[in-house]
Amino acid sequence: MRDEIELNSNAGNFPVYVSAPDGEVKGGLVVIHEVWGLTDHIKSVADRFAREGYLVIAPNLLAEIDIPDELSGELQNGLFNPDPKIRNDVQPKLRELMTPIHAPQFSLNTITKLKTSFDYLMNKPETKQKIGVVGYCFGGTYSFTSAINEPRLKAAVPFYGHNDSSVEELKKITCPILAFYGENDEGLIGSLPDLRDRMKAAKVKFDYKIYQNCGHAFFNDTNRYSYNSEAATDAWRLTLEFLSNNLA
């Protein structure tokens, strides 16, 4: 079953995509999109998880920006293009488009919407209150944030997400985390040792894998410049194993 509905939160109404398995439900899963919003790619990822037995909700946390799929594709191709001139040309357009997400209230509203999404799954008896989160890029960052802010969460899987939280903030995490990175994603790889140390100091079960010969967005099979089939296949396998072990 696939459906598009609207949820009401204290931060306002927002659209979500729901994908349900045909048979028994193993648990619930919040899938958080990349910075491009709730694209067809993310909906297809939600459907893949549903086929694995999870009741999935994918909220559109950038609905107010409303990035058309055509523009999303154009910006992605430009941002990841090997030609530095094309990358430089697309940067101003991208910065202008993403200005709203840097507003102080945006993060608070996004956390509120994610809690509403989480509550939606918690209130579904078939999930047995076993809820995980998986996110990509922007969604990877907010997967870390969800782990900090939602003590009922059972598992978190950030794909190439950023986290600069203090040890005291990380101590709020009660679920295990499995994170994925591409070795060429220099900013995230450079900050990873510090994140690992902070997670250790906070006593968080934090595992990660770095894939060689790929960079940011290696899981996105609609991005011809970033997608890495071998890394994506392995990360998918490990994600399913991790979810099965922690949402059982």
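The values are calculated or read from the model by the stated rules, or taken from the named source; none is laboratory data. Quick caveat: nothing in here was measured; it's all calculated off a predicted structure. Virtual Cβ from ideal backbone geometry, glycine too; neighbours counted across all protein chains shown.
Out of all the residues in the stretch 2-23, which are over 17 Å from the mean Cα position of the chain (by Cα) and without any contact (Cβ under 8 Å) to a residue 40 or more places away in the chain? Those that are over 17 Å from the mean Cα position of the chain (by Cα) and without any contact (Cβ under 8 Å) to a residue 40 or more places away in the chain: ASP3, GLU4, ILE5, GLU6, ASN13, ALA20, PRO21, ASP22, GLY23. For the stretch 153-185, taking the residues that are within 15 Å of ASP207 (Cα to Cα) and of a type in the set (S, T, N, Q), the one that is surrounded by the most Cβ atoms within 10 Å (Cβ to Cβ) is identified as ASN163. Give the number of residues within the stretch 19-37 that are modelled with pLDDT of 95 or more, of a type in the set (A, V, I, L, M, F, W, C) and within 19 Å of SER146 (Cα to Cα). Number of matching residues: 4. Mind checking which residues of the stretch 40-91 are closer than 18 Å to ILE5 by Cβ and either part of a loop (DSSP other than H, G, I, E, B) or among the aromatic types (Phe, Trp, Tyr) (or both)? Once the filter is applied, which keeps residues that are closer than 18 Å to ILE5 by Cβ and either part of a loop (DSSP other than H, G, I, E, B) or among the aromatic types (Phe, Trp, Tyr) (or both), the stretch 40-91 yields PHE49, TYR54, ASN60, LEU61, LEU62, ALA63, GLU64, ASP66. Among the residues examined, THR127 qualifies as within 20 Å of GLU150 (Cβ to Cβ), surrounded by 15 or more Cβ atoms within 10 Å (Cβ to Cβ) and more than 19 Å from the chain's Cα centre (by Cα).
The criterion of being closer than 17 Å to VAL45 by Cα, out of contact with any helix residue (DSSP H, G or I) (no Cβ under 8 Å at 6 or more places or on another chain) and buried (at least 22 other Cβ atoms within 10 Å of the Cβ) does not hold for GLY135. Test TYR54 against the stated conditions and say whether it is within 18 Å of the chain's Cα centre (by Cα), under 20 Å from ASN149 (Cβ atoms) and not polar (S, T, N, Q). The answer is no for TYR54. Any residue at all in the stretch 76-84 that is more than 17 Å from the chain's Cα centre (by Cα), of a type in the set (A, V, I, L, M) and closer than 30 Å to GLU150 by Cα? Within the stretch 76-84, none of the residues are more than 17 Å from the chain's Cα centre (by Cα), of a type in the set (A, V, I, L, M) and closer than 30 Å to GLU150 by Cα.
Against the list (1) on the phi < 0 side of the Ramachandran plot; (2) touching a residue at least 12 places away in the same chain (Cβ under 8 Å), the condition PRO193 fails is (2). Listed by first and then second residue, the pairs with beta-carbon distance under 9 Å, at least 6 apart or on different chains, first residue in the stretch 27-40 and free of Cβ contacts under 8 Å to residues at least 40 places away in the same chain, second part of a loop (DSSP other than H, G, I, E, B) and charged (D, E, K, R), are GLY37/ASP66. Listed residues LEU247, LEU188, LEU195; which is out of contact with any His (no Cβ under 6 Å at 6 or more places or on another chain), buried (at least 19 other Cβ atoms within 10 Å of the Cβ) and farther than 18 Å from GLY140 by Cα? The conditions single out LEU247.
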